[in-house]
Amino acid sequence: TALQMDIKIGGVTVDLMRTALEQARRGRIHVLQEMLKVLPRPRAEISPYAPAMERLKINPEKIGMLIGPSGKNIRKLQQDFHCVINVEDDGTVQVSSVDRAAVMECRALIEAQTAEVEKGRTYSGRVTSIKDFGAFVEILPGQEGLLHISEISTGYVERVGDHVRVGDEVTVKVLDVDAQGRIRLSRKALMEGGETGEAQGPAEGPSADDGDSGHRPSRGRGRREGARHGR
């Protein structure tokens, strides 16, 4: 179509257009060859100074969590990482910025915030609160599970605070995630399975043995295991 428009002008013939296009082809090849002398192949990675854009997919049901109340969470992400975040209805999230490192950090945090807790998987989490019946552990950003007193150790546990305290880092296994999204955790399952399940001890003061020796007989454990508590 462009050729038809050009040859309608008086004096512009098909032969002249053929010659011009051939000259353009040779010129283009010459420029590419000169470029290859400087850079024989594309770089494996984009320059850190080039604008960056990352795209990821999250569960559409997690969109509300990512955005937050009145957009509070997504605004904070954009302010903290100096980036622009666009979210589509199908769960596609696009993060862009002139700072590639910031984009990658923002993407990693979004993935962590919207990750699905998997039954049977082991997580390292932080104890956020202590109750008489167990401890709540944050295993993913904003996602807590209950570590019941009966699942803290292989031995008898009289007081939760003797084994874990707020702020401790503990390794736990996800036993179950119910229909309401409540997460049930176990530290005992890792000890029984031979996996490393020892939690980091309190920063100050003595701590009770985690199950290697010196525990009381397991009298009464059946009653505690039978009682499940929700938040």
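Points to keep in mind about this one:
- Accessible area (Å², 1.4 Å probe, nearest 10) - D176: 50
- Once the C-beta distance of Q33 and D176 is scaled by a Förster radius of 45 Å, the resulting FRET efficiency is 0.10 to the nearest 0.05.
- Once the chain from Y156 to T128 is taken as fully extended at 0.36 nm per residue, the excess over their C-alpha distance is 7.8 nm.
- Loop GluC sites (Glu not before Pro), the stretch 141-190 (other Cβ atoms within 10 Å of the site Cβ: 16 or fewer; DSSP): E158
- Debye log10 I(q)/I(0) at q = 0.15, 0.22, 0.25 Å⁻¹ for the stretch 12-74, Cα point scatterers: -0.74, -0.98, -1.03
- Alpha-carbon spread of the stretch 1-134, three principal axes, descending order, Å: 94, 36, 32
- Per-residue ³J(HN,Hα) for the stretch 82-98, Karplus 6.51 cos²θ - 1.76 cosθ + 1.60, θ = phi - 60°, Hz, x for Gly and Pro: 6, 9, 10, 10, 10, 10, 9, 5, 7, x, 6, 10, 10, 10, 9, 5, 7
- Gain on full stretching of the segment that runs from H82 to E105 - 0.36 nm per residue minus C-alpha separation: 7.2 nm
- With the whole protein complex present, S124 retains an accessible surface near 80 Å², based on a 1.4 Å probe.
- Only protein atoms count toward the accessible area here, which uses a 1.4 Å probe; on the stretch 52-175, the carbon and sulfur part of that area reaches 48 percent.
- Computed accessible area, M191, all protein chains, 1.4 angstrom probe, square angstrom: 40
The values are calculated or read from the model by the stated rules, or taken from the named source; none is laboratory data. Being a predicted model, the structure only gives us computed values, none of them experimental. Positions of Cβ are generated from backbone atoms using ideal geometry, with glycine treated the same way; all protein chains shown enter the neighbour counts. For the accessible areas, the whole protein counts, side chains as well, though only heavy atoms, and no ligand, DNA or RNA atoms are used. Shrake-Rupley method; radii C 1.70, N 1.55, O 1.52, S 1.80 Å.
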